[in-house]
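Asks: Could you have a look at this structure, given as structure tokens, before my questions?
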Amino acid sequence: MSISAKRLPPGTTEPNARLHRWLQRGLFVCLTALALEGTFTFPGLLVWYGFPDLSLVEMCSELEKVRYSDDSRECVFPYPFFAPSEGAGQKTAQDRWGVQPQPRYKRIGFRELVKIRDERLARQAAAKLSAASESH
Amino acid sequence: MSTASLGLDVPNGYDDHQTTSREAQRKADRWMLPGAILMTTAVLGPIGFPLFLKGMVEQRKALLQGLSVRPMICTLLGYLVIMDSGLNSIGWSLDLVAHHSLVSRTLVTAWGNMFDSGYFWHYNELWIGGAGAPGEKSWEIALVPTVFCMRLAAAIGFLQMKRWGHQWLIVTCWFGVIYWVGYVANMTLFADLRYTHVVFPVWGWWIYDIFYITPFLAIPYLHTVNREVFTD
């Protein structure tokens, strides 16, 4: 047995030592990456989509409005256990239909849901105000 | 039978070494296993990550002390399979059975909007709920109760250096090759639907998901390792 073979980890034979060394490096990279992804994906998503300016329920509502292209959609929470799927039968979602459907909703940028919501609330408040002033 | 069990006060280097090694391995696993399991829940990841790192430090310390603990490559492989299976299972189980929970309707659909519209486009519109992308539900039904459960069990056996763990990891890693090829093919065929107006489209998906290639790294090791290190 050569000196280098003595230093090999159990299970690794000399002809495969180099392969195992590279596999170990690859496994370490993947494990670290999955650990970081597992740790930071949900917090990262929360930040991108507007938390804490938006609560989870508000974020859910905003995502529904984008998904179904319908500003009147609100996230029902808690959702009734035996109710049909929340989107069942909806007619508002916009798609370009062909061999494959292509969604028409727009890409959501960093914290853009907060901006979209603020603008909608401002629009609704202005509309309410003008309606009130017209009625007087 | 050890000298200690015979009631003899004779120092036995081998027994001591075995006991110290076993304790060192258990100590490392006591940190790594809960850490890995917490990280597979995604939400509790920030708690699991430091626990896991602490376990890795303990494992490395034991190796440097010359104790007979699991080879580092087996530790990395076993825990990587646990995390790979766990993270896939949690995401797909949420979509399969908890699609109307608040977590699914915010974080799963947000993930879909960011990386793969299969989890955003017409979400919760099918009678079964959850992802509406063609083929996606079939993969969830096929893989979560079968492959990922088997992979989790195999990884635990493998970390215990059991022969059945090694054998079942080979079987389930070949399953892994099949689902990688099938999943990527399905996703590519419906790419228009899945990557239009996504925050980080195709390249984002690959950067995010390439680290799930565990089977491709595991198979060469599992077929070339000296199987005598695994016990019945």
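The values are calculated or read from the model by the stated rules, or taken from the named source; none is laboratory data. Not measured: the values here are computed from a predicted model. Note: ideal-geometry Cβ built from the backbone for every residue, glycine included; neighbour counts use all protein chains shown. Areas reflect the complete protein model, heavy atoms only, side chains present, ligands, DNA and RNA absent. Shrake-Rupley method; radii C 1.70, N 1.55, O 1.52, S 1.80 Å.
Asks: As an exercise: evaluate B:MET56 against (1) in contact (Cβ under 8 Å) with a residue 24 or more places away in the chain; (2) of a type outside the set (Val, Ile, Thr); (3) open to solvent by 30 Å² or more (accessible area, probe 1.4 Å); (4) in a helix (DSSP H, G or I) and give the number of the one condition it does not meet.
Replies: Evaluating B:MET56 over (1) in contact (Cβ under 8 Å) with a residue 24 or more places away in the chain; (2) of a type outside the set (Val, Ile, Thr); (3) open to solvent by 30 Å² or more (accessible area, probe 1.4 Å); (4) in a helix (DSSP H, G or I) leaves (3) as the failure.
Asks: Could you tell me whether B:PHE158 is touching a residue at least 12 places away in the same chain (Cβ under 8 Å) and either touching a strand residue (DSSP E or B) at 6+ places or on another chain (Cβ under 6 Å) or within 14 Å of chain A (Cβ to nearest Cβ) (or both)?
Replies: yes
Asks: Residues B:SER104, B:SER93, B:SER89: which one is in a helix (DSSP H, G or I), among the hydroxyl-bearing types (Ser, Thr, Tyr) and closer than 30 Å to B:PHE230 by Cα?
Replies: Just one listed residue meets the conditions, B:SER89.
Asks: Testing B:THR106 on (1) more than 21 Å from the chain's Cα centre (by Cα); (2) modelled with pLDDT under 90; (3) within 30 Å of A:VAL66 (Cβ to Cβ), one condition comes back false. Which one is that?
Replies: (2)
Asks: A further question on this structure: If you scan the stretch B:148-166, which residues turn out to be among the basic types (Lys, Arg) and surrounded by fewer than 19 Cβ atoms within 10 Å (Cβ to Cβ)?
Replies: Once the filter is applied, which keeps residues that are among the basic types (Lys, Arg) and surrounded by fewer than 19 Cβ atoms within 10 Å (Cβ to Cβ), the stretch B:148-166 yields B:LYS162, B:ARG163.
Asks: If you scan the stretch A:1-59, which residues turn out to be hydroxyl-bearing (Ser, Thr, Tyr), more than 22 Å from B:PHE115 (Cβ to Cβ) and modelled with pLDDT under 90?
Replies: Once the filter is applied, which keeps residues that are hydroxyl-bearing (Ser, Thr, Tyr), more than 22 Å from B:PHE115 (Cβ to Cβ) and modelled with pLDDT under 90, the stretch A:1-59 yields A:SER2, A:SER4.
Asks: Give the residue, chosen from A:TRP97, A:TRP22, that is closer than 23 Å to B:MET83 by Cα, of a type in the set (Phe, Trp, Tyr) and open to solvent by 70 Å² or more (accessible area, probe 1.4 Å).
Replies: A:TRP22
Asks: Would you point out the residue of the stretch A:36-88, among those that are touching a residue at least 60 places away in the same chain (Cβ under 8 Å) and outside any helix (DSSP H, G or I), that is surrounded by the most Cβ atoms within 10 Å (Cβ to Cβ)?
Replies: Filtering first and then ranking leaves A:TYR49.
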